[in-house]
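Notes follow once the structure below has been shown.
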Amino acid sequence: MNQHENHSAGTEARRTVPSHAWSPREEARQEQLLRYLGAVAAVAAKHTAAEHVAAGHAQAPAPRIQQEQARQETGGPLGQQPSQPEAGPGALLVRDVMDVPAVSVRDDLPCRDIARLLEREHLGAVPVVDADDRVVGVVSESDLLAKVAFEASGRRPGHIGRLRGHRLHEKARAEAAADLMTSPAITVLPGATVAEAAWLAALSRLKRIPVTDHGGRLVGVVRRNALLQSLIRDDEEIRKEIEAKMHAFCSPAERGTVTVTVRDGVVDLTGRMSQAAAARLVAEAEDIDDVVEVSNHLTVV
């Protein structure tokens, strides 16, 4: 092996070996993250399907998050949102997991006081509200750092990156939240599903999303961690749901022969069933959002 090949092999090895020893919980954390990503991907797929339906039906309603994004992008009146479809029965909603009350700052709060509040509340960002408590933006620790760094450098916008430099220059001159914040804010409604909010958090790369009513007034904040924990259900809950589904189409004799076990989202089915019942049970289990895989060891009778 020559020097170049040896260097390439060493580089590849470093990519595959963790830079630090994994903790005993690291494998479980990785599995949890994969399941979370799977749940978000499932929501994204549903939205893609909804877009295709809407393309063929002019009157088809847009999903809640799409409507919310359209409002943000167009800057339309906060109180004039389209009617929204109801969430499915049993769906966990943002209002069920959001933090209330939500920490916020007024748009006229001085930058120095914003820094003190972020430090005191141990937050990286907070919603900015106007006199009517409507969310008008978000101010973050990054905004404050950009202001300080630009002030210290004394730079001014040049030919390269003129627009970005101009925005940094504006932040450097900011005296209050209204001048420093990022606007418009990405928000979510309390009636949106947890899965939809998780999809929005993934798209926008936000750790905390302000929750507003139809008038744009702040009613809470939902954390990405809370969304993650809500999306990834306990294995025991998945097992109970599958067994509950069996009651709808399996005879008591068939149910008595079937064993359902779940580990890290992987469902294992063993026992004896008719071909039709076995096919339906596998399909029902695979249709549960938080199921990673179904191992079918059923014997058809």
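The values are calculated or read from the model by the stated rules, or taken from the named source; none is laboratory data. The structure displayed is predicted, hence computed values, not measured ones. Please note: Cβ atoms are built from the backbone with ideal geometry, for glycine as well, and neighbour counts cover all protein chains shown. Areas reflect the complete protein model, heavy atoms only, side chains present, ligands, DNA and RNA absent. Shrake-Rupley method; radii C 1.70, N 1.55, O 1.52, S 1.80 Å.
Go through the stretch 75-121 and give me each residue that's modelled with pLDDT of 90 or more, more than 21 Å from the chain's Cα centre (by Cα) and open to solvent by 50 Å² or more (accessible area, probe 1.4 Å). Correct list: 106, 108, 110, 113, 116, 119, 120, 121. Within the stretch 122-160, being at pLDDT 85 or above, assigned to a loop (DSSP other than H, G, I, E, B), open to solvent by less than 50 Å² (accessible area, probe 1.4 Å) and not acidic (Asp, Glu) holds for 123, 124.
Given the structure, is residue 278 open to solvent by less than 30 Å² (accessible area, probe 1.4 Å), assigned to a helix (DSSP H, G or I) and under 20 Å from residue 100 (Cβ atoms)? Spelling it out, it is not the case that residue 278 is open to solvent by less than 30 Å² (accessible area, probe 1.4 Å), assigned to a helix (DSSP H, G or I) and under 20 Å from residue 100 (Cβ atoms).
Looking across the stretch 246-266, the residues that are in contact with a Gly (Cβ under 6 Å, 6 or more places away or on another chain) and surrounded by 14 or more Cβ atoms within 10 Å (Cβ to Cβ) come down to 257, 258. Among the residues here, residue 231 does not qualify as at negative phi, in contact (Cβ under 8 Å) with a residue 24 or more places away in the chain, in contact with a Ser or Thr (Cβ under 6 Å, 6 or more places away or on another chain) and open to solvent by 10 Å² or more (accessible area, probe 1.4 Å).
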